[in-house]
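Written out below as structure tokens is the structure these notes cover.
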Amino acid sequence: MAVLGAGKQGVIHVARNVRQLRTGNAGERPQTDCGRLGSHGGGIAYSHRTRVRHADGACHPRTRAVCGHRARRSWPRAYRSGGSQMTSKSVRLRRIAKHDRQAAATLERLIGIALRYLPQAFVDGESVFTLKGMQAGHTWQAVPTGRSLRYGAVTALGLARLPYRTQRQVLGGETCSDLVGRLAKGLDEITSVGDAAMICWATAETEHAELPHALARLAELQRGDNRPYVVDAAWAVSALVCARGLLDVEADLAHARTRLLGARTGALFPHFTTAGGPWHRAHVGCFADQVYPVQALARLHASADDPPALAVAESVATSICTAQGSAGQWWWHYDSRTGGVVEGYPVYSVHQHAMAPMALLDLADAGGADHIGAICRGLRWLAEPAETSEELVLDEPPITWRKVARGDPRKLVRGLCAASTRIRPGLRPPALERIFPPTAVDHECRPYELGWLLATWV
């Protein structure tokens, strides 16, 4: 069995046996990881992905160049915690603090809330779909409802960055690897590409022994998916990028890359990777349809130079930052042809504190533009939303309310704005905005929201 290390000729030896992936038992965790073999011939070198293992047990990805090429910027690493109350001092948080102390304070508060919220989000070892806020007098109670494999996988990506002690506190004595193993065992019954991609990503992030199974199931589902969602296609790229330092995924990754890049025919990404959908919203792409591809393409370039992927990520990121609201709002629906806003609301909390930051920071880490100002404006909106005087971040109970929205029935404004902009880009019915102002707060919080928070900032 070869292990990662340098031989006499400087050749990197790669652990190829999948049994060296994690089995879920913290005591059996290998101290070395497998990477991609770099070629020394002809001056060619491939980026190869390593993981930095800290004494707290957390495992944090880093990309670097080998064979004498310039080193890449490392991905942010979690710092060890001295106890159950984790003090978050990541590189990213320090960057925010230098730019905007109020935004950094908001993040510190949110991370504390996440660690208190997430134990409520797991029932019988499964992630709930949401915690709904129920008001009793002047107080709120968070009531768990439903189940979600996908949200469990996203949460695992965040929990994987925490010390084992904290993982066990959140998961009722289990580790993140235990959670991922349980999710992976249900892969053969999963029919959603998005669910499979997210579980695959989590198995790669935790280097779980179920990774080959997850990769095979993802490839099988993608072959039968004729019109996938852009978000699913982006998650597939991110999952395969995460796995490329562990197993040979290059053929599947090349296919996933082509599908994702081919979906964008205008300024931004639409909702589907191929033409289709209702005529009045075929041109519409939501916020998630932009940030997940930006993240995936940035990570793709960071794992092995891919300038076309980075250029698309840069262009899309610039468009959504240009369209950002004056109070820091990340808007919801865009015209994929022009990059204009179709309908801004709802504004989601998770977009402000996690999804926009994680995509834009991954872009900067890959060598792209720095959008730190836009990130801080988004965080400031979350602390003081312009549309309502109601607080969206609560310490008791520990929760962040999901979104600020219009009170229109059956998403009327979104539908009419989609139809009007389909006919003429930029055409919006102004009366509807006066009739249905964006003042309604959605009193629920889904586990993935705080999973992305941890994955972004810890």
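The values are calculated or read from the model by the stated rules, or taken from the named source; none is laboratory data. Keep in mind it's a predicted model, so treat the numbers as computed, not measured. Because the Cβ atoms are built from the backbone with ideal geometry, glycine has one as well, and the counts that use them run over all protein chains shown.
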Sole residue being in contact (Cβ under 8 Å) with a residue 60 or more places away in the chain and in the same structural domain as Q352 (by TED's automatic domain parsing), chosen from V312, V284 = V284
When R257 is evaluated against the numbered criteria (1) part of a helix (DSSP H, G or I); (2) in contact with an Asp or Glu (Cβ under 7 Å, 6 or more places away or on another chain), which criterion, by number, is the only one it fails?
-> (2)
Might you check whether a residue that is farther than 30 Å from S192 by Cα and either of a type in the set (D, E, K, R) or at pLDDT 95 or above (or both) occurs anywhere in region 118-133?
-> no
Given (1) in contact with a Lys or Arg (Cβ under 6 Å, 6 or more places away or on another chain); (2) surrounded by 14 or more Cβ atoms within 10 Å (Cβ to Cβ), index of the condition K132 fails | (1)
Within region 164-205, residues being free of Cβ contacts under 8 Å to residues at least 40 places away in the same chain, of a type in the set (G, A, S) and either at positive phi or not in a helix (DSSP H, G or I) (or both) number 2
Top-ranked residue in region 422-458 [being within 29 Å of the chain's Cα centre (by Cα) and among the β-branched types (V, I, T); ranked as modelled with the lowest pLDDT] = V458
Is it fair to say A216 is in a helix (DSSP H, G or I), assigned by TED's automatic domain parsing to the domain that holds W332 and either in contact (Cβ under 8 Å) with a residue 60 or more places away in the chain or within 17 Å of the chain's Cα centre (by Cα) (or both)?
-> no
Which pairs do you get when a residue that is in the same structural domain as G373 (by TED's automatic domain parsing) and without any contact (Cβ under 8 Å) to a residue 24 or more places away in the chain, found in region 102-115, comes within reach of a residue that is surrounded by fewer than 24 Cβ atoms within 10 Å (Cβ to Cβ) and of a type outside the set (A, V, I, L, M), reach meaning Cβ atoms under 8 angstrom, with the pair 6+ apart or on two chains?
-> E108/S88
Would you say L454 is in contact with a Leu (Cβ under 8 Å, 6 or more places away or on another chain), loosely packed, with under 15 Cβ neighbours inside 10 Å and in a helix (DSSP H, G or I)?
-> no
Look through region 259-292, keep the residues that are modelled with pLDDT under 90 and not polar (S, T, N, Q), and return whichever of them is surrounded by the most Cβ atoms within 10 Å (Cβ to Cβ).
-> R281
